[in-house]
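Only one structure is covered here, and it is reproduced in the block below.
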Amino acid sequence: MLATTAPASAHDALISSDPRPGATITTPLERVELTFSNALLELGGIDNVFVIQVSDDAGRFYGSGCVDLSNDTVSTALMLGEPGTYTVRWQVTSGDGHPISDSYTFAYAPPLGTKAIAGQTTAPVCGGEGSLKPPSTEATATSAEASVDQGLATGLIVGVSVLVAIAGTLLVIARRTTPRKRDHVHSD
Ligand SMILES: [Cu+2]
């Protein structure tokens, strides 16, 4: 009722995802990809943080935190841990400038013997700047899993205090800048 600035278009909606909500994934997962109804808005900077967080039901996080944006699609490269239920939480900036976010779950049931990543106890932040970075290419080669694991572990030890501090800052900012759904003026 206080629509003093009429937006030119409606905010975008998530129209498809891989994995799909409620799906059971039976092959090793390498990427989570979300496709929206229109091109998303990349302004950069800390007020427009694109986030895809993937966590298991023990609260451990997977992936680098880096989000790749291509027009209407965001994705993140990752490897998962033990079989179970995983939650995807995402936040993007709609083409009309509004932050939108949601979450969904899928089940992970890979073949026996599939390598399980340990996961992280805190949500990963790509590069520590909340910026969009291209996805890691090394995560796609199965033969490189061991070295990726070691590099990840080393990076965690070195950077965990930095990540915690940055993640805390980003969470505070994200909460402050994300409008509550009941305040959203769109009728669609
Ligand atoms: Cu909107």
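A search for C-beta distances below 6 Å between a residue of region 3-17 that is assigned to a loop (DSSP other than H, G, I, E, B) and at pLDDT below 85 and any residue that is within 10 Å of the ligand (Cβ to nearest atom) and open to solvent by 60 Å² or more (accessible area, probe 1.4 Å), counting only pairs 6+ apart in sequence or on different chains, returns Ala3/Val185; Ala10/Asp188. Just one of the listed residues (Thr26, Thr105, Thr85, Thr114) is β-branched (Val, Ile, Thr), farther than 20 Å from Cys126 by Cβ and open to solvent by 70 Å² or more (accessible area, probe 1.4 Å), namely Thr26. Restricting the first member to region 96-118 and to residues that are within 16 Å of the ligand (Cβ to nearest atom), and the second to residues that are in a loop (DSSP other than H, G, I, E, B) and open to solvent by less than 40 Å² (accessible area, probe 1.4 Å), the beta-carbon pairs closer than 6 Å and six or more apart or on different chains are Ile100/Ser94. If you go through region 70-80 and pick out every residue that is surrounded by 21 or more Cβ atoms within 10 Å (Cβ to Cβ) and not hydrophobic (A, V, I, L, M, F, W, C), you end up with 1. Quick one: how many residues across region 30-40 are touching a residue at least 40 places away in the same chain (Cβ under 8 Å) and either surrounded by 19 or more Cβ atoms within 10 Å (Cβ to Cβ) or assigned to a strand (DSSP E or B) (or both)? The total comes to 6.
Restricting the first residue to region 55-74 and requiring it to be closer than 16 Å to Leu34 by Cα and part of a loop (DSSP other than H, G, I, E, B), which pairs with a second residue that is open to solvent by 20 Å² or more (accessible area, probe 1.4 Å) and among the charged types (D, E, K, R) meet a Cβ separation below 8 Å and a spacing of at least six or different chains? These pairs meet every condition: Cys66/Lys133; Val67/Lys133.
The values are calculated or read from the model by the stated rules, or taken from the named source; none is laboratory data. What you are looking at is a predicted structure, and each value in this text was computed from that prediction instead of being measured. Every residue, glycine as well, gets a Cβ built from its backbone with ideal geometry; the counts of neighbours run over all protein chains shown. Calculation scope for accessible area: heavy atoms of the full protein, side chains included, ligands and nucleic acids excluded. Shrake-Rupley method; radii C 1.70, N 1.55, O 1.52, S 1.80 Å.
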